[in-house]
Amino acid sequence: MDRNERRVLALVARAAERGMRITIPATALAQAMRNPARQARLSRLIRQPGTDLVALNGPDATAVGLLLARTARADVVDAHIVVCARRAAQVVVTSDCSCWSYSVFRFLFRYNA
């Protein structure tokens, strides 16, 4: 949300209008909050009643590790995003539209978390 990407902002607004839950893995929040001054929208979003902030607890850490082992990947944040999205039956929305990020999420989703 720090990039002011209209597509992501529109999806978040539409989800809120429809009463849909938004899940934010704490690992992704930590990665995004490296520059809090640029994260006013994200700071507001995590305080909304329709937002679930999901910690990396023991069971999720195990699922993340197993997913990384099965996929020969190393990014804990990406794997935690996939684990959370699969459990909540939600899609991944990201402002990082690089081909690398897209291919990683598509690749990780093929595996059971």
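All of the numbers you see were taken from the coordinates with simple rules; none came from a lab. Everything numeric in this text was worked out from a predicted model, so none of it was measured. All Cβ positions, glycine included, derive from the backbone under ideal geometry; neighbour counts span all protein chains shown.
Things to note:
- Taking the criterion of being aliphatic (A, V, I, L, M), exposed (fewer than 14 other Cβ atoms within 10 Å of the Cβ) and touching a residue at least 24 places away in the same chain (Cβ under 8 Å), the only residue of region 1-29 that qualifies is 20.
- The single condition from (1) within 23 Å of residue 56 (Cβ to Cβ); (2) under 15 Å from the mean Cα position of the chain (by Cα) that residue 35 fails is (2).
- Total residues in region 1-28, condition assigned to a helix (DSSP H, G or I), of a type in the set (A, V, I, L, M) and either in contact with a Gly (Cβ under 9 Å, 6 or more places away or on another chain) or over 17 Å from residue 85 (Cα atoms) (or both): 5
Table: residues versus (1) farther than 15 Å from residue 8 by Cβ; (2) surrounded by fewer than 17 Cβ atoms within 10 Å (Cβ to Cβ); (3) touching a residue at least 60 places away in the same chain (Cβ under 8 Å).
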| residue | (1), (2), (3) |
| --- | --- |
| 31 | yes, yes, no |
| 38 | no, yes, no |
| 41 | no, yes, no |
| 53 | yes, yes, no |
| 59 | yes, yes, no |
| 64 | yes, no, no |
| 67 | yes, no, no |
